[in-house]
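Notes to accompany the following structure.
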Amino acid sequence: MSDQRVSDQPDPSPYDALLLLSFGGPEGPDEVVPFLENVTRGRGIPKERLKEVGQHYFLFGGVSPINDQCRELLAALREDFAAAGLDLPVYWGNRNWAPYLTDTLREMVRDGRRRIAVLATSAYASYSGCRQYRENLADALAALEAEGLPLPKVDKLRHYFNHPGFVEPVVEGVLRSLGELDERVRDGAHLAFTTHSIPDSAADTSGPVEAHGDGGAYVAQHLDVARLVAGAVRERTGVDHPWRLVYQSRSGAPHIPWLEPDICDHLEALHEEGAPAAVMVPVGFVSDHMEVLYDLDTEAAAKAAELGLPVRRSATVGADPRFAAAIRDLLLERAATERGASVERCALGALGPSHDVCPVGCCPARAERPAAAGADSPYA
């Protein structure tokens, strides 16, 4: 059977629902420390330290923007599905704050949902960006099982870092940011593609076993997207902007190696090298949540101002209609595959489309824990 495009064939079967699975965030000052306790549970971090970390949230009234951004994406998905004639309910659950994943799965089961596609708001392979979501799914399924509820089958949709519906909004965001720079420095502006730093050991073991090595799939996927975006900017402007992949939001102990350079260190280096300007491109993030607002818009912007280096920060994809359409595409692609059809899998760049089912050894956990929606899942 020849490959088919699925965009014009809105058949979601065997799926009867889509679950938008995100990180979660506090929505008021009283929720900040309890939220951080959820995030860091098991690590033995004192409450006083959590209050210090929470200052980032208190600068913004104790409210993370991530939940509102999930609501916007949820609305965009429902609008896109309706316009495409796709009759499929969309639910939303979080790992670390309300609406909690377990509560949402319980609601879905009571609504009669038995085969669920899951879209995580993390586009890349890594323990924290993929397997930890799968572990949380397993925890939620175990809770439902303990309650005697029927267990749905859950399938996590593949990584979408190189899907055109993710890449194109990033490209346009960079073009807009370049256009905001003074024309005297615009053509010489450097592009700083930024993503969350993770421990070197976690990066090196990210992705399937065959992708393990220096930086693993995590670094390789980010570099692939950065090349795509920089190339598209060059094609549309005629200017070849220098670029580099850099990191932000490190939270680990100083003696443990994490991915570098940090964005603020990179801005200092650009200034010393005589770069006239920079655009910070948060390509590792789906939406403008707290780590973008604080680490880039506050901390890195302050460093740039101190240096006298003109900077702009480009937008994340957020609830862009093209991203919502990409999620629909991923869903229908996976649905057709589950029905046994051969479909055209949409991906740009050198790496091609990611796997549907995480294989054994993919993004291994720090400690042995069951994870759903993978080849090693205890839930068939």
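The values are calculated or read from the model by the stated rules, or taken from the named source; none is laboratory data. Note that the structure is a prediction, hence the values are computed from the model and not measured. All Cβ positions, even for glycine, are placed from backbone atoms using ideal geometry, and neighbour counts span all protein chains on display.
Pairs are defined by a Cβ separation below 8 Å, a sequence spacing of at least 6 or placement on different chains, a first member in the stretch 204-230 that is over 16 Å from SER122 (Cα atoms), and a second member that is of a type in the set (Ser, Thr, Tyr) and in a helix (DSSP H, G or I); the pairs so defined are THR205/TYR127. Scanning the stretch 184-203 for residues that are surrounded by fewer than 17 Cβ atoms within 10 Å (Cβ to Cβ) and of a type in the set (Asp, Glu) yields one hit, ASP187. Residue pairs whose Cβ atoms lie under 7 Å apart, sitting 6 or more positions apart in sequence or on different chains, and linking a residue in the stretch 328-348 that is within 15 Å of ASP11 (Cβ to Cβ) to a partner that is surrounded by 22 or more Cβ atoms within 10 Å (Cβ to Cβ) and of a type in the set (Val, Ile, Thr), are ASP329/VAL6; LEU332/VAL6; GLU333/VAL6; ALA336/VAL6; VAL343/VAL6. Each residue in the stretch 196-236 was checked for being among the polar types (S, T, N, Q) and closer than 23 Å to HIS163 by Cβ, and 2 of them qualify. Being at pLDDT 95 or above, crowded, with 23+ Cβ neighbours inside 10 Å and outside any loop (DSSP other than H, G, I, E, B) is not true of VAL286. The test for being within 30 Å of ALA367 (Cβ to Cβ) and surrounded by fewer than 21 Cβ atoms within 10 Å (Cβ to Cβ) does not hold for GLY25.
Counting only helices (runs of 4 or more DSSP H) that sit completely within the stretch 121-192, those holding 1 or more residues that are at pLDDT 95 or above and outside the structural domain of ASN96 (by TED's automatic domain parsing) correspond to 164-180, 183-186. Residue selection: PRO276 satisfies the criterion of being more than 25 Å from the chain's Cα centre (by Cα) and in contact (Cβ under 8 Å) with a residue 12 or more places away in the chain. For the stretch 334-349, indicate whether the set of residues that are within 13 Å of ALA192 (Cβ to Cβ), in contact with a strand residue (DSSP E or B) (Cβ under 9 Å, 6 or more places away or on another chain) and buried (at least 19 other Cβ atoms within 10 Å of the Cβ) is non-empty. Within the stretch 334-349, none of the residues are within 13 Å of ALA192 (Cβ to Cβ), in contact with a strand residue (DSSP E or B) (Cβ under 9 Å, 6 or more places away or on another chain) and buried (at least 19 other Cβ atoms within 10 Å of the Cβ). Counting just the residues of the stretch 76-102 that are within 18 Å of the chain's Cα centre (by Cα) and in a helix (DSSP H, G or I), which one comes out nearest to ASP11 (Cα to Cα)? Taking the candidates together, the pick is LEU77.
Of the residues making up the stretch 1-22, those that are surrounded by fewer than 22 Cβ atoms within 10 Å (Cβ to Cβ), at pLDDT below 80 and hydrophobic (A, V, I, L, M, F, W, C) number 1.
Restricting attention to the stretch 103-120, the residues being assigned to a helix (DSSP H, G or I) and under 15 Å from ALA372 (Cα atoms) number 1.
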